[in-house]
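Working notes for the structure below.
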Amino acid sequence: MKEICIITGGSSGIGLSIAKLFENNNYLVFNLDLTPSTIGTFRRCDVTDLAQIKRIIDAIAEQHSIDVLVCNAGIHFSANIENTTEEDLDNVFSVNVKGAFAAIKAVLPNMKHHQKGAIILISSDQALIAKTNSFAYNLSKTALASIAKTTALDYALYNIRANAVCPGTIETPLYHQAINNYCQKFGADKEQIHQQEENLQPLKRLGRPEEVAELVLFLASSKATFITGSLQVIDGGYTAQ
Ligand code: NAI
């Protein structure tokens, strides 16, 4: 029988690689995203709409026992504290943090009932370190690491594990959007900025979404049954510097 994985933001980048890898490893994947995808079973969902997430997950839970939840949907926002409005902060938090909050709340009754579950939050290397012009994004990713720890403690007795994955710079549409925005703002050359990004990494290259997906699959699997409440860094050595 197939195991069940729910992922948010599974239509692009890291989420798409996770959805593909889980599907290839005998999971039935439900992808909650704004944009349709042919990978997994698509459920149109805006993760800022907490009632909608609950409705969609409740409907899945009526039919299946949910083995894995991956909270991956996220947006990037680049600004220091002075250049961040309250609306910007709310927007970043609504997608990056409240979406995960609602999805976890919705899967827990099902996972508790089955006494089994793995929750994986896609945080960032910014849960460990700061970067310039990253006030709201950094705050949101630090919050996800905190959710992994508190959820791990509160639900360990139900055999539910929660972990945060902390990727460094991974080449995805979100990454390209972020450097496009930077280049537009500062009149910089995209190829040059991309090269600079690569040179900042000890391995002298960016990460690939497939590499992050392998870590997520491992954390979800029966090979990782003693790993909970952890922050798993996957950053090509960036935060070791
Ligand atoms: P991406 O932009 O390629 O994919 C994000 C996905 O989330 C898209 O499919 C998008 O439609 C979906 N999404 C966005 N807002 C949504 C909403 N309101 N409701 C439902 N779905 C929504 O981004 P990428 O790079 O794959 O990022 C995935 C996660 O990984 C994000 O949480 C990001 O913060 C995190 N991350 C990315 C890094 C990178 O360098 N690319 C580094 C560290 C963390």
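Kirkwood analysis of the range 91-197, using all unique Cα-Cα pairs, places the hydrodynamic radius at 15.5 Å. For the chain, the number of Lys pairs with C-alpha atoms closer than 22 Å, counting only pairs eight or more positions apart or on separate chains, is 26.
Less than 5 angstrom separates the built amide H of S134 from those of A79, all sequence-distant by 5 or more or on a different chain. Suppose every K and R has +1 on its Cβ and every D and E has -1 on its Cβ; what is the size of the dipole of the chain about the Cα centre, in Debye to the nearest 20? The calculation lands at about 620 debye. Based on every Cα atom in the range 177-241, Rg and the maximum pairwise Cα distance Dmax equal 16.0, 49 Å. Which whole-angstrom value gives the distance between the alpha carbon centres of the range 12-38 and the range 62-126? About 16 Å separates the Cα centre of the range 12-38 from the one of the range 62-126. Report the one residue of H114, G168, I53 whose Cα lies farthest in the direction of the positive end of the charge dipole of the chain (charges on C-beta: Lys and Arg +1, Asp and Glu -1; origin at the Cα centre). Highest projection toward the positive end goes to H114. For the chain, the fraction of alpha-carbon pairs lying more than 33 Å apart is 14 percent, rounded to a whole number. Using θ = phi - 60° in the Karplus curve 6.51 cos²θ - 1.76 cosθ + 1.60, the 3J(HN,Hα) couplings for the range 21-36 round to 5, 5, 4, 6, 10, 6, 9, 8, 9, 9, 10, 9, 8, 7, 9, x Hz; x is entered for Gly and Pro. Normalising the average separation of contacting C-alpha pairs (under 8 angstrom, six or more residues apart) by the number of residues puts the relative contact order of the range 101-161 at 44 percent.
Protection proxy ranking for 181-193, 101-113, using the average of other Cβ atoms within 10 Å per residue and placing the highest first: 101-113, 181-193.
Coupling constants for the range 110-123 follow from the phi torsions by the Karplus curve (6.51 cos²θ - 1.76 cosθ + 1.60, θ = phi - 60°), and in residue order they are 5, 5, 4, 4, 8, 6, 6, x, 10, 10, 10, 9, 8, 8 Hz; glycine and proline get x. If you take all other residues with their beta carbon under 12 Å from the beta carbon of Q195, and give Lys and Arg +1 and Asp and Glu -1, the sum is -1. The alpha-carbon atoms of the range 159-207, seen along their principal axes, cover 51, 23, 14 angstrom, with the largest extent given first.
FRET efficiency for the N133 to N25 pair, using the beta carbon distance and R₀ = 35 Å, is estimated at 0.40. The distance separating the Cα centre of the range 136-176 from that of the range 179-196 comes to 28 Å.
Simple spin-label estimate for K2 and E62 gives 2.0 nm between the two label positions (7 Å along the Cα-to-Cβ direction from each Cα).
Here, each number is a calculation from the coordinates, and none is a lab measurement. Since this is a predicted model, take the numbers as computed values, not measurements. Virtual Cβ from ideal backbone geometry, glycine too; neighbours counted across all protein chains shown.
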